[in-house]
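A.B. asks: My questions all concern the structure below.
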Amino acid sequence: MSTFQAPKGTYDLTPPRSATFLAVREAISAPLRDSGYGYIETPGFENVELFARGVGESTDIVTKEMYTLTTKGGSQLALRPEGTASVLRAALEANLHKAGNLPVKLWYSGSYYRYERPQAGRYRHFSQVGAEAIGTEDPALDAELIILADQAYRSLGLRQFRILLNSLGDKECRPVYREALQSFLRDLDLDEETRRRIEINPLRVLDDKRADVQKQLTDAPKLRDYLCDACKAYHEEVRALLTAAGVAFEDDEKLVRGLDYYTRTTFEFVHDGLGSQSAVGGGGRYDGLSEMIGGPVLPSVGWALGVDRTVLALEAEGVELDLPATTSVYAVPLGEEARRVLFGVVTELRRAGIAADFAFGGRGLKGAMKSANRSGARYTLVAGERDLAEGVVQLKDMESGEQSAVPLTEAAAELAKRLG
Ligand code: AMP
């Protein structure tokens, strides 16, 4: 160990576990790539004001969890705590919404940062794959995103996850509900901080995990009873499309999510094997966000799935991903001359598109064969002085154990043939 360790709340991805992370990113993005979503990448930091306005001044993410910094030039920046605000900012800046092809469908993958209290499944640096469909109000788009996330989790072999669904109403009906909820909450016996929350973000009080708070909330007014006809019809259509697609979901009135920008459809994916940090992904519709950050009216919907927690969910379910070995051929030279010759063969194989590795460091046969085994290679090439004198290399099939001498000049072609 060195003098240094990974900062609190972070961890390193190292082989072999890192291969699972790559496979999870690939599996989550595959259904998006097949459904018209284009790849977008934005900076790891943004102007702090983007998140304050976009995510919401009253949210935990903005008030407590953001890593902010002032540059030498005096700019106020924040490490990105989430992806949606940045992606929408970038789409607007590039005028993607003006290309006459709405919705603009984008997917992304990257690192996010939140100064949270670390615990199992909750880190200060984590990884998300996300999708945003910008500029269209259509319940089929909300349904598409939920169906694609369900497909992604299933393709990984996950089964013990549930989809929670809710509607938060829109700018017509939500304010009416908000007021009704506020006057109900003001009469309750609550601490100072919660009282403050009633005034800035009353819906979040419904999310309070404490039993003494929950007990008082049984008769709280229900958002469902306040949804306007347009929101009700929209939500019914999302539900019908999911049902028709065979995607099971649970209606969850309490699902308000921790970001201010959501309107109408909100959803969360929870996994039952993860303990308290059970949300593996979440998202929803954000019809007002574009205007909140100074853009035009662009109703949009999106989600972000956590890669770290998806890997934990796989481990909780005991799912082993079928990850093919990365090396097909492993070369073991015995002696100086063989080292030069086999290194040449390895280079030739690689240029021909065959994954090959080499026993570096002039190790003995036994140690080198152990590495060959560990590499998962289907074939090993072994050559010593006598082989070279005869112009051959020994080609061993690691599955059957069969070994045969192959002319050196034909080794690469023979391997290409055998590996198909
Ligand atoms: P959110 O935007 O908070 O709903 O986050 C979306 C997903 O990102 C969550 O469902 C988690 O899987 C993941 N996530 C959020 N915060 C963290 C964190 N601090 N550590 C690990 N994963 C996280």
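A.B. asks: Is the shape of the range 318-381 rounded, prolate or oblate, going by the alpha carbon gyration tensor and its root eigenvalues a ≥ b ≥ c, with a/c under 1.5 for rounded and a/b larger than b/c for prolate? Kindly include the intermediate steps, with their values, before the conclusion.
C.D. replies: Details: a/c = 3.61, a/b = 1.52, b/c = 2.37.
Since a/c reaches 1.5 but b/c is at least a/b, the shape of the range 318-381 is classed as oblate.
A.B. asks: Kindly report the accessible area of the chain per residue (heavy atoms of protein chains, probe 1.4 Å, no ligands, DNA or RNA), in Å².
C.D. replies: On the way: 20860 Å² over 420 residues.
Accessible area per residue, the chain: 50 Å².
A.B. asks: Given H placed 1.01 Å from N in the peptide plane, which residues other than close sequence neighbours of THR263 have an amide H under 5 Å from its amide H?
C.D. replies: ARG285, TYR286, ASP287
A.B. asks: Is the shape of the chain rounded, prolate or oblate, going by the alpha carbon gyration tensor and its root eigenvalues a ≥ b ≥ c, with a/c under 1.5 for rounded and a/b larger than b/c for prolate? Each step should come with its number before you reach the end.
C.D. replies: Details: a/c = 2.52, a/b = 2.35, b/c = 1.07.
Cα axes put the chain in the prolate bin.
A.B. asks: Just the number, please: carbon plus sulfur as a percent of the accessible area of the range 1-75, 1.4 Å probe, no ligands or DNA/RNA counted.
C.D. replies: Working: 2540 of 4620 Å².
Looking at the range 1-75 in its full context, I get 55 percent from C and S.
A.B. asks: I'd like the accessible area for LYS222, computed on protein heavy atoms only with a 1.4 Å probe and all protein chains in place. Round to 10 Å², please.
C.D. replies: Number for this one is 70 Å².
A.B. asks: Would you tell me the accessible area of ILE354, worked out with a 1.4 angstrom probe on the heavy atoms of the protein chains, in Å² to the nearest 10?
C.D. replies: The accessible area of ILE354 comes to roughly 20 Å².
A.B. asks: Quote to one decimal, in nm, the extra length available between ARG224 and SER183 on full extension: 0.36 nm per residue of separation minus the C-alpha distance between them. Could you put the intermediate results ahead of the total?
C.D. replies: Numbers: separation 41, 0.36 × 41 = 14.76 nm, distance 1.73 nm.
Between ARG224 and SER183, full extension yields 13.0 nm more.
A.B. asks: Still on this structure, please answer the following. Inverting the mean 1/r over all pairs of different Cα atoms, compute the Kirkwood radius of the range 147-204 and quote it in Å.
C.D. replies: On the way: mean 1/r = 0.0694 Å⁻¹.
Averaging 1/r across every pair of different Cα atoms and inverting gives 14.4 Å.
A.B. asks: Which value in Å does the Kirkwood hydrodynamic radius of the range 102-203 take, with 1/r averaged over all unlike C-alpha pairs and then inverted? Write out the running numbers ahead of the final one.
C.D. replies: Values: mean 1/r = 0.0564 Å⁻¹.
Roughly 17.7 Å, rounded to one decimal.
A.B. asks: Quick one: ranking TRP303, TRP107 by accessible area, 1.4 Å probe, largest first, what do you get? Walk me through the intermediate numbers first.
C.D. replies: Numbers: TRP303 5, TRP107 30 Å².
Largest to smallest exposure gives the sequence TRP107, TRP303.
A.B. asks: If each residue of separation counts as 0.36 nm, what is the full-extension length gain between THR243 and LYS72 once their alpha-carbon separation is subtracted?
C.D. replies: That works out to 56.2 nm of additional length.
A.B. asks: Moving to a separate point now. Rounded to the nearest 500 deg cm²/dmol, what is the calculated helix-only ellipticity per residue at 222 nm for the chain, with -39500 (n - 2.57) per DSSP H run of length n ≥ 4? Please list the in-between numbers first.
C.D. replies: Details: 16 runs with 159 residues, N = 420.
Mean residue ellipticity, 222 nm, calculated: -11000 deg cm²/dmol.
A.B. asks: For the chain, calculate the relative contact order in percent as a whole number, restricting contacts to Cα pairs under 8 Å that are 6 or more residues apart.
C.D. replies: Numbers: 698 pairs, mean separation 65.1, N = 420.
Worked out over the chain, it gives 16 percent.
A.B. asks: According to the square roots a ≥ b ≥ c of the eigenvalues of the Cα gyration tensor, what is the shape class of the range 329-418, taking rounded for a/c under 1.5, prolate for a/b larger than b/c otherwise, and oblate for the remainder? Before the final figure, lay out each step's value.
C.D. replies: Values: a/c = 1.23, a/b = 1.03, b/c = 1.19.
Rounded, because the longest to shortest axis ratio a/c is under 1.5.
A.B. asks: Might you work out the accessible area of GLU348 for me, using a 1.4 Å probe with all protein chains in place, and round it to the nearest 10 Å²?
C.D. replies: Roll a 1.4 Å probe over it and GLU348 shows about 100 Å².
A.B. asks: With a 10 Å cut-off between alpha carbons and a GNM built on the chain, which of ALA383, ALA120, ALA23 moves the most?
C.D. replies: Fluctuation is largest for ALA383.
A.B. asks: Of LYS105/LYS171; LYS370/LYS396; LYS8/LYS209; LYS209/LYS254, which pairs sit farther than 18 Å apart, going by alpha carbon to alpha carbon?
C.D. replies: Values: LYS105/LYS171 24 Å; LYS370/LYS396 14 Å; LYS8/LYS209 26 Å; LYS209/LYS254 11 Å.
Violating the 18 Å Cα-Cα cut-off are LYS105/LYS171; LYS8/LYS209.
The values are calculated or read from the model by the stated rules, or taken from the named source; none is laboratory data. Here the structure is a predicted model, which means the values were calculated and not measured. The area values use the complete protein model at the heavy-atom level, side chains included, leaving out ligands, DNA and RNA. Shrake-Rupley method; radii C 1.70, N 1.55, O 1.52, S 1.80 Å.
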